[in-house]
Amino acid sequence: MKVAHIGDLHLMRSRLDGKEGQLELLRQVAQEIVESGAELCLLSGDLSGHTVPHRAAIEERNALLEFVAIVSAAMPIVIARGNHDTLGEWKHLNSFRRKLKDGKWSCPVRYVEKPEILAFQDFTVAVMPWIDEASFDGSKPWARALVAEYKSLAEELDPNETNFALIHGAFDGAFIREGQPTIPTTDPLLSIDGILKPGLYTAAFVGHYHQFQKIPGKTPAYYGGSLYPSTFGEPAEKGWVLWSEAHGHRLVQLDQPCRVKITMNPKTQEVETVEPPVLNWVGRNAMEIADYLENKRNGRHLVKLDYRGTEADTREFRLLAAKIKESARKAGLALVVQAEIERPVTTREGASRVAKAKSIADKFVEWAQSRDPAPPLKLIERARARIQQADQAA
């Protein structure tokens, strides 16, 4: 048996076309999955957007529907809700059905927002989606409440059958280089052995971290990574996962532009790090990079230049950074320049407050107020009122 797994999608209207071409790549992957001979397709959440909360644009919805239409002609699709997916926003996928050219109907599509067992003819899928803290009564810590919900699914499973787990969450022992917040959050950290009974599950497919990797535990479990680089500095190894009984989890890598994160020291004016290391720029100074960009005319990758130091350091470096950005523009290279002022590390308490808020309007308010600096209160209230009006109209 074969299973196709896609990790975090993070479809974004601004990236569907153009250099990154999310839509065209999604069409390519859909066809590859159909041709792979897989009998099941799993998506482990975070379908669109990059912020929490996020309302999916119509273009993002249509892109996923096109993928679903192609793949469901050959196999069932199961999708778990991720932390970027607003409750109720993708429920319409459960109604997806179309008549194929041979007169038969497409395979079932299931989008799951609460822990659930889905039984198919030859296998079973235990779906463990992201559950917001606000969904629990607060009688026990968020992580313990999640573990109790997920572990309860084992009671419905037959150990003699083929059982898969589809999960969206943060797991202990997973390695994060880039692509997740570098500032600590209060999200619950789980363990594979803490929620999956050893020997009961054939394999687990997990979403949330954007890097393909094995998760420590007795059940074979892997993060699917992501199809596209969501943030600058993410690993270059992007693709979808093909699992088979013979070979286990294997990444089917895609060739696509990277979102490269370059860190420069404003004092020495030299490059300190390049992530992912697709450009050999470490140790080069700012003027060398500017000259390189002028002459290379290579616009394949998207590049973000970070220069971090004290406020005085970054003020002096801004003029030089502006020259680098102009050189990149002439070279046809998309370059973002951002100063990072050295400050003490703090916990993103705003992320916790967003998770606890119940409505999309309240989530927006908590998110806006956690910004530094926060927008004016009057602007936040006007935005809240408009979001509430849109919800009522819907």
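No value in this document is a laboratory result; all are computed from the given coordinates. In this text, all values refer to a predicted model and were calculated from it rather than measured experimentally. Here the Cβ is made from the backbone with ideal geometry for all residues, glycine too, and neighbour counts use every protein chain on show.
Here are some notes:
- Computed from backbone phi with θ = phi - 60° and the Karplus coefficients 6.51, -1.76 and 1.60, the 3J(HN,Hα) list for segment 99-110 is 8, 8, 4, 7, x, 7, 9, 5, 6, x, 10, 10 Hz; x is used for glycine and proline.
- Helical segments meeting 18 Å axial Cα length and Kyte-Doolittle -1.0 threshold in the chain (DSSP H): 22-35, 58-71, 311-330, 377-393
- log₁₀ of I(q)/I(0) at q = 0.10, 0.14, 0.19, 0.26 Å⁻¹ - segment 69-151, Debye sum with one point per alpha carbon: -0.33, -0.58, -0.90, -1.28
- Short to long, the 10 Å bins of the Cα pair-distance histogram for the chain hold 5, 21, 29, 26, 14, 5, 1 percent of all pairs.
- Whole-number percent relative contact order across the chain, with pairs defined as alpha carbons under 8 Å at least 6 apart: 13
- Positive minus negative residues near N62 (Lys, Arg vs Asp, Glu; Cβ under 15 Å): 0
- Net length gained if the chain between R144 and Q389 were fully extended (0.36 nm per residue, minus Cα distance): 84.6 nm
- In this structure, K104 and R27 have a Cβ-Cβ separation that, at R0 = 25 Å, corresponds to a calculated FRET efficiency of about 0.65.
- Contour minus Cα-Cα distance for K114 and Q253 (0.36 nm per residue): 47.0 nm
- Separation of the R315 and S14 label points, Cα + 7 Å toward Cβ, nm: 2.9
- Averaging 1/r over each pair of different alpha-carbon atoms in segment 39-116 and inverting the result gives 13.0 Å, the Kirkwood hydrodynamic radius.
- Estimated from helices alone, the mean residue ellipticity of the chain at 222 nm is -8500 deg cm²/dmol (sum of -39500 (n - 2.57) over DSSP H runs with n ≥ 4, per residue).
- The Cβ shell under 11 Å around L87 holds other residues with a net charge of +1, Lys and Arg each +1, Asp and Glu each -1.
- Ranked packing of 248-258, 226-236, 374-384, 356-366, most packed first, by mean Cβ within 10 Å: 226-236, 356-366, 248-258, 374-384
- Note on F175 and M287: the extension gain reaches 36.9 nm, defined as 0.36 nm multiplied by sequence separation minus the Cα-Cα distance.
- Of all DSSP beta bridges confined to segment 1-140, the antiparallel ones make up roughly 30%.
- Of the two radii for segment 1-133, the radius of gyration is 0.95 times the Kirkwood radius, both from the alpha carbons; that is the Rg over Rh value.
- D193 versus L379: modelled label distance in nm, points set 7 Å from Cα along the beta carbon direction: 5.0
- Summarising the amide proton neighbourhood of F171: residues at separation of 5 or more, or on other chains, whose placed amide H is nearer than 5 Å comprise L190.
- Cβ-derived FRET efficiency at R0 35 Å, I58 paired with M1, nearest 0.05: 0.45
- Of all DSSP beta bridges in the chain, antiparallel share, percent nearest 5: 35
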